[in-house]
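No lab work stands behind these numbers, since they all come straight from the coordinates. Quick caveat, the model's predicted, so the values are computed rather than measured.
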Amino acid sequence: MDDRMIQFLNLLVGRKLEHFCCEAEILDFGFGVLVLHAMGCSRVIKDNDILVTTIDYQSWDQEESTNNDEWFNMRRFHSEIMGGSVDSVRVSPWNDLHITMDNGVMIECLVANAYPHYEEELEQWVLFEPVGDGSGAFLTVYNKRVNFHEGSPGSGKQEGYSPLPNGGVQVWK
C-alpha cells in the first residue's frame, strides 16, 4: 500500500463504531463518515474469543438465508461489539487488516484467496466514504492487488489527508 492509502486508513483511528450488521457474507461496520465492508475471511474477536465470522454464514438452516450462525452471532454479541473507538489499525504485507478498539474488540479482515484461475479476483475488504453520488474515497483490497479512488474534492472528507500522527496505521514489514 502506498502512503495515500495508509493515510486514508489512518482516518479510522479515534472513530467510534456506530453501526454493525450483516449483509449476506459481508460484515458491515460504520465508523461515522467511513464504512468497512468485510468479506473474505473476516472476524470479530473480543477477549481472545472469536465472536462472529463471515464463514459462519455457511452454517444455516437451509430454509431462511438469515437463519445462519453469522447473523445469529452478530445479534447475540452486538452490544459487546458496538461503541468502541478505534485505537489502532495495522496492515500486513499481504493486506490483511487488523483494527483494535478501546473496548477490547478486534476486527480482522484476512485475505482469503490466493491466485485466481477460474474466476476474477475477489474483493476481500473495502473501506469507503458512503457518498450518495459515489464520489467519496474508496479503498478496495482484492486477492493480489489494491485499488484506491481518492474521491472528489468536497466529497465528504472530514479531515482530509494529513500526515500520520503517532499511533497511526502500522504497516508490517
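For the stretch 1-141, the calculated P(r), taken from all Cα-Cα distances in 10 Å bins from zero up to the bin holding the longest distance, is 12, 42, 35, 11, 0 percent. Computed from the alpha carbon atoms alone, the convex hull of the stretch 1-40 holds 67 Å³ per residue. The reciprocal of the average 1/r between distinct C-alpha atoms defines the Kirkwood hydrodynamic radius, which for the stretch 67-137 equals 15.0 Å.
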